[in-house]
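All of the numbers you see were taken from the coordinates with simple rules; none came from a lab. These figures come from a predicted structure and were not determined experimentally. Heads up, the Cβs are rebuilt from the backbone with ideal geometry, glycines too, and the neighbour counts pull from every protein chain shown.
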Amino acid sequence: MIELLSTIYPYVKAIHVMAVLSWMAGLFYLPRLFVHHAERGMDNGEPGRSFAIMEDKLLRVIMRPAMIVVWISGLCLVFTPGIVDWSLAWPWVKAGCVLAMTWFHGWCAGQRRSLLRGNSLGGRRYRIMNEVPTLLMILIVLSVIVKY
């Protein structure tokens, strides 16, 4: 198994990067949809129904599969010998940020359900929460590239 992970490492890394891009795109866009949904689509008519469809498709068709691939490929990378030195800070920072990103994904899914029930945090709060994945991405990229 260890030899297989070493052999396929570049492919797993490429898949991981592609899945991260897809997941992050969704995490950046979904809270923006929430802003518009909260400010213009809280009734059961249009555009509320359109926002609900876009949010559902983004979560179910793009974000959830991408997150699963990120986790599977990321764990494969972690278990590849010689890739992660757990005595350094960077893998711990990255792991914490990925857990936070996963929590944020779950929070977004919960907010989508709240919006469907007619409950909204308001456009301003969704705008603020839209910055969370950006901050986490900055920490992840710095930790992985700089490897402090």
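At a glance:
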quantity: DSSP-loop chymotrypsin sites (Phe, Trp or Tyr not before Pro) across region 1-110, with at most 15 other Cβ within 10 angstrom; calculated: Trp86
quantity: Nearest-20 debye value, the chain charge dipole, Cβ charges on Lys, Arg, Asp, Glu; calculated: 340 debye
quantity: Spacing of the two label points (7 Å from each Cα toward its C-beta) at Met137 and Arg125, in nm; calculated: 2.4 nm
quantity: Per-residue Cβ neighbour rank within 10 angstrom, fewest leading, Met18, Met24, Met67, Met1; calculated: Met1, Met18, Met24, Met67
quantity: Mean-position separation - Cα centroids, region 32-104 and region 109-136, in angstrom; calculated: 13 Å
quantity: Separation of the Arg60 and Val146 label points, Cα + 7 Å toward Cβ, nm; calculated: 4.2 nm
quantity: Gain upon complete extension [Leu75, Lys13; 0.36 nm per residue less C-alpha separation]; calculated: 21.3 nm
quantity: DSSP-loop trypsin sites (Lys or Arg not before Pro) across region 89-121, with at most 12 other Cβ within 10 angstrom; calculated: Arg117
quantity: Alpha carbon convex hull of the chain, volume per residue in cubic angstrom; calculated: 97 Å³
quantity: Residues Lys147, Lys13 arranged by fewest to most Cβ contacts within 10 Å; calculated: Lys147, Lys13
quantity: Charge dipole (region 1-119, unit charges on Cβ, about Cα centre) - positive-most of Ser87, Ile2, Cys108; calculated: Cys108
quantity: Helical mean residue ellipticity (222 nm; -39500 (n - 2.57) per DSSP H run of 4+; nearest 500) of the chain; calculated: -26500 deg cm²/dmol
quantity: For region 7-22, 3J(HN,Hα) per residue [Karplus equation, 6.51 cos²θ - 1.76 cosθ + 1.60, θ = phi - 60°, Hz, x = Gly/Pro]; calculated: 5, 8, 3, x, 6, 5, 4, 4, 4, 4, 4, 5, 5, 4, 4, 5
quantity: The chain: relative contact order in percent, alpha carbon pairs under 8 Å with at least 6 residues between; calculated: 36 percent
